[in-house]
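The values are calculated or read from the model by the stated rules, or taken from the named source; none is laboratory data. Source: prediction; values computed, not measured. Don't worry about glycine lacking a Cβ; one is built from the backbone with ideal geometry, like all the others, and counts go over all protein chains shown. Remember, those area values only see protein heavy atoms, side chains included, never the ligands or the DNA or RNA. Shrake-Rupley method; radii C 1.70, N 1.55, O 1.52, S 1.80 Å.
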Amino acid sequence: MTAVAARPSVTRQLNEAEQALVDQFAALAPAPMRQVQELRETSLARFASNGLAHRRIEAWHYTDLRSAQSHTFAPAQRPNAQSLDQIKSRLAALASNPLASNPLASNPFGSLRLVVVDGFFSPELSAQTLPSGVTLTTLSQALTQGHPRLAHILSGSALGESDTMLNLNAALCADGVILEVAAGAQIEPALELIFVTSDAAPKSVQTRSAVFVGQGAKIRLFEHHLSEGQVQSQRNQAVLLDLASAAHVEHVLMCAQGHAQSNDVMSVLANLHEGSELSMLGLMQGAGLRRRQTFVRLNGAHARFHARGVVLLNRKDHCDATFVVEHVAPDCESREFFNWIVDEEATGVFQGKVSVARAAQKTDGRMKSRGILLGETAAMFNKPELEIFADDVACGHGATCGELDADQLFYAQARGIPLPEAEAMLLAGFAGEIFDELSDETLREVLMDDVRAWLAQRGQG
Amino acid sequence: MLEIKNLHAEIAGKTIIDGLTLTVRSGEVAAIMGPNGSGKSTLSYVISGRPGYEVTGGEVWLNGQNLLDLPAHERAAKGLFLAFQYPLEIPGVTTMTFLKAALNSQRKLRGEAELSTPDFMKKVRAAAATLGVKDDMLRRALNVGFSGGEKKRLEILQMVLLEPAFGILDETDSGLDIDALRIVSQGVNSLRSKERGFLVITHYQRLLDHIVPDTVHVMAKGRIVKTGGPELAHELERNGYRDYVAAAE
Ligand SMILES: Nc1ncnc2c1ncn2[C@@H]1O[C@H](COP(=O)(O)OP(=O)(O)OP(=O)(O)O)[C@@H](O)[C@H]1O
Ligand SMILES: [Mg+2]
């Protein structure tokens, strides 16, 4: 593959969709603090020189957002009380749909919920009190009143700096949640960020959140993405995770299927200091175009990053899971294990780029992506990349992709299990392998219920 | 009763079963012996309905039911069971889950009520105890990381649980240690009854010391070339297949 740098081409004309995004910036109230406003202007300028992500940017080769977004919707507005009520009741109605993952209908974990609707934090739908040791601010407050970490949040710990969608996000993000967990705090209930896209009107959404976990603190963080389905949206959302030394974060992502014409870019920027540990578990379905890009820097010795995920795709959905992992300190560990089930005319993209700096001796890095293609025109692209400058490391990657095993299917059929059930059983087993090591039975069951519901829906279609 | 009449079958255009006729009455245990590659496993797959095996002629009947018209899972529900020569590993699906799915799906196809979880567990535990299958194996993914012998034990556990009308055992003895061979044979023998037939494919007399057959058949080049009683197995052990293979040419 030839490397094509995302070099600014000053002469390039913005297309209509890109110009509309630049115009959105002009309509924003400028940030009161000079430094912040400059940061946003610089980000916008960078975006303007690259435009929407497209296939000639190497990191976006398989996911061409520019082609998928010929028009940009108006920016989402802060939902009013009336529309919040509607959202509340619509979400409640989801409870009667057993096929929809619906974190608002029941709360098996007793988590503390922070709900972001169309990119705006909604205090009305969110937990009213938080445990001591956890402080909540909103990004819009930070933008207007200042916040000691604001520059850090907008610059994203210098992770994903060259990513055009992150630049766009830094320029346009209007709101989001900022959580700070005090050093040493051991927070029992899970903190749950729920991102809802309402179906009031087609819209574009830019939101940025951040979670700072103090030294030795420990949290469970759930991240839920729900869209209501009937109306198209263009989302570009970012979450910054900053783990101080010896901090522990158990992160769970659940991402329900989005509208078949929606574009959805989710970026995670994770900065891990010495001895900290971030374990991520994800269950993701598709949307018209969806990309989850996770930038991780293992900044201090003995930090650990583990990501495991299941991706279930159908329709013509396109879903991309990209990891950019930088090992800069010694004795760190990283894992990215993904299992994909790709049905109908869907496309899956797994990219993992692990770079190991000279100083990062004894790095232990592994990634693996396995895909099962069900549809005749289903497709999967795997692109693992290792870039190693240290000599004493153990790094590896593997990618496989194929159909369901005919011999296994026959074995099950020979025991009396009809083909569709045999397929569903093998597929549930394939997905379930990713959740095998989970010690939390409830969580495992919630995730597997979603997998089984997806498989059941497949059986009916 | 299993009746195979003048069966012809191909894999990838190559004839493997070539005019095979064999009847195994209810209550009978028939052994099939034959050189490697003579088509014994192929026969078992054709009977059980494995895709990719094309029947080009002949018939297979089980208790008056034409099996060749049915998909594999319906043949199983009609009471056919194949203990595989090489049992498959099913990652991510626990043995327990698989057994329950198999049993209840067969019951459903036969119009019987599904077993409740407690009833099912009782049944599995009882069968597991007689075959020396440990609880831990029931909780692990089916056959994944099981030893060769453990896989064979588990095949027989499934047979005991599913109580088929007819069982085909394809080299169930291979990979079993001496004690396991005895335990597994006892499992098979416990199922022997007037109504039930067995086709036991093996290379060695030692299995037939434990599961004493009523008839012994020699298969070569996709056909039955010799039929006799238990003494035929002893003769084969002494003299090998040479004469029979030559006769099949
Ligand atoms: N999928 C296949 N494609 C082509 N040839 C095959 C296939 N499967 C089996 N065969 C051939 O069919 C013949 C019979 O194979 P089969 O496995 O039935 O023999 P067998 O009698 O069971 O042998 P063994 O005693 O070694 O188990 C062999 O020549 C084998 O190579
Ligand atoms: Mg064989």
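Residue-wise test of (1) in contact with a Ser or Thr (Cβ under 9 Å, 6 or more places away or on another chain); (2) in a loop (DSSP other than H, G, I, E, B); (3) open to solvent by 10 Å² or more (accessible area, probe 1.4 Å).
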residue	(1), (2), (3)
A:220	yes, no, yes
A:235	yes, no, yes
A:240	yes, no, no
A:284	no, no, no
A:295	yes, no, yes
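Condition check for residue A:264 on (1) part of a strand (DSSP E or B); (2) of a type in the set (Asp, Glu); (3) within 21 Å of residue A:329 (Cα to Cα): one failure, at (3).
Of the strands (runs of 3 or more DSSP E) entirely within segment B:20-98, those holding at least 3 residues that are open to solvent by 40 Å² or more (accessible area, probe 1.4 Å) occupy B:53-62. Just give me the residues in segment A:411-422 being open to solvent by less than 40 Å² (accessible area, probe 1.4 Å) and more than 7 Å from chain B (Cβ to nearest Cβ), in sequence order. Within segment A:411-422, A:412, A:422 qualify.
Condition check ((1) within 13 Å of another protein chain (Cβ to nearest Cβ); (2) touching a helix residue (DSSP H, G or I) at 6+ places or on another chain (Cβ under 7 Å); (3) not charged (D, E, K, R)) across all residues:
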| site | (1), (2), (3) |
| --- | --- |
| B:98 | yes, no, yes |
| B:104 | yes, no, yes |
| B:110 | yes, yes, no |
| B:123 | no, yes, no |
| B:134 | no, no, no |
| B:153 | no, yes, no |
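Residues in segment A:330-344 that are over 21 Å from residue A:383 (Cβ atoms) and open to solvent by 10 Å² or more (accessible area, probe 1.4 Å): A:330, A:331, A:333, A:343, A:344. When the helices (runs of 4 or more DSSP H) confined to segment B:134-249 are screened for residues that are surrounded by fewer than 16 Cβ atoms within 10 Å (Cβ to Cβ), those reaching at least 3 such residues are found at B:135-139, B:178-191, B:205-210, B:230-239, B:242-248. Going by the structure shown, is residue B:191 within 30 Å of residue A:432 (Cβ to Cβ) and more than 16 Å from ligand 1 (Cβ to nearest atom)? It is false that residue B:191 is within 30 Å of residue A:432 (Cβ to Cβ) and more than 16 Å from ligand 1 (Cβ to nearest atom). Could you check, for segment A:435-444, whether at least one of its residues is crowded, with 17+ Cβ neighbours inside 10 Å, assigned to a helix (DSSP H, G or I) and within 12 Å of another protein chain (Cβ to nearest Cβ)? Checked against the condition, which is being crowded, with 17+ Cβ neighbours inside 10 Å, assigned to a helix (DSSP H, G or I) and within 12 Å of another protein chain (Cβ to nearest Cβ), segment A:435-444 yields at least one hit. With the structure loaded, tell me whether residue A:375 is assigned to a strand (DSSP E or B) and either in the same structural domain as residue A:65 (by TED's automatic domain parsing) or open to solvent by 30 Å² or more (accessible area, probe 1.4 Å) (or both) or whether it fails that test. Here the answer is no, as residue A:375 does not meet what is asked.
For segment A:143-180, give me each residue that is of a type in the set (A, V, I, L, M) and under 15 Å from residue A:242 (Cβ atoms).
Result: A:150, A:151, A:153, A:154, A:158, A:159, A:177, A:178, A:179.
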